[in-house]
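Once you've had a glance at the structure underneath, I'll fire off some questions.
The values are calculated or read from the model by the stated rules, or taken from the named source; none is laboratory data. Worth saying up front: this structure is predicted, and the values here are computed from it rather than measured. Here the Cβ positions follow ideal geometry from the backbone for every residue, glycine too, while neighbour counts run over all protein chains shown.
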Amino acid sequence: MKHPVKIVVPLYTEHLSRVEDETLAHNMKVLQGHPVCFLCPEGLDMTAHTARYPFAEVMRVSDEWLGRKRGIQGYNEMMMSAAFYDRFADCEYILICHTDAWIFRDEVLAWTEKGYDQVAAPWPMRPRYTRFPLSLYVKMERRFAIGGGKINRFVLYGKVGNGGLCLRRVSAFRRACGQYRDAICDYISKGHNEDVFWALVPQDFRNPTMEEAMAFAYDVKPRLCHCLNGGRLPMGCHGFAHKSRLGFWSEYILCIGK
């Protein structure tokens, strides 16, 4: 029998920062009703982590994929590899939850029941960009970027897919890794991030709208997201400790204000 969802926490180091440590402890408490997998590179000493969270499965992957050896490039390749998703064939979904993501409420199963292929924080677009003449400017910027093979903020406006806190249907991602193999190689060669690929390329993915995704998570522009979301906090957020977002999140996440 498949797990409806498994929480996947990438860990790169034996010792977390104070904020990361408190964040992980908080998230493990909120998400305690789900199976948890600590994803770590081969050779990493996990003694401290497993002692504190004995219920968590430890899954080791090559340090070519995860860790300091190749950094973000290795991580991008991992997250666009069918071999990675094959490891979770016993799950309908995985919730990827980095140590800079904060969970406010456990609504994970409710999101899996919506049947989307991926759910993540959106790249929000300010309402003024939907109105003329700025709407025409956005269209032109998108056309020039796509025509030149580039990715800019205008291409991402309104898209859903930030990877730091995201829900992914395993079967859909396994299939897409083969279906879009050539495009994946092109993205990797150009150094684009994996979550940008999953937000822009698969045309057959079933995704929530930008407005619905804001109830799942915020990443960039949390003040704008909070306004567009009617002043209600999402299930979680990613990148809350970024200097441009501290002012907003310090009201809701007390560990960053210490």
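I need a count of the residues in the range 217-238 that are over 15 Å from the mean Cα position of the chain (by Cα), over 18 Å from His26 (Cβ atoms) and touching a residue at least 40 places away in the same chain (Cβ under 8 Å).
4
Could you list, in sequence order, all residues of the range 35-61 that are surrounded by fewer than 15 Cβ atoms within 10 Å (Cβ to Cβ), in contact with a Pro (Cβ under 9 Å, 6 or more places away or on another chain) and part of a loop (DSSP other than H, G, I, E, B)?
Passing the criteria: only Phe55.
List the pairs whose first member sits in the range 35-57 and is touching a residue at least 12 places away in the same chain (Cβ under 8 Å) and of a type outside the set (A, V, I, L, M, F, W, C), whose second member is crowded, with 18+ Cβ neighbours inside 10 Å and part of a helix (DSSP H, G or I), and whose Cβ atoms are under 7 Å apart, counting only residues at least 6 apart or on separate chains?
From the range 35-57, the pairs are Tyr53/Met28.
Something else now. Restricting attention to helices (runs of 4 or more DSSP H) lying wholly within the range 96-158, give those where 3 or more residues are modelled with pLDDT of 85 or more.
108-112
Look at Ala89 and say whether it is modelled with pLDDT of 95 or more and either among the acidic types (Asp, Glu) or assigned to a loop (DSSP other than H, G, I, E, B) (or both).
In short, yes.
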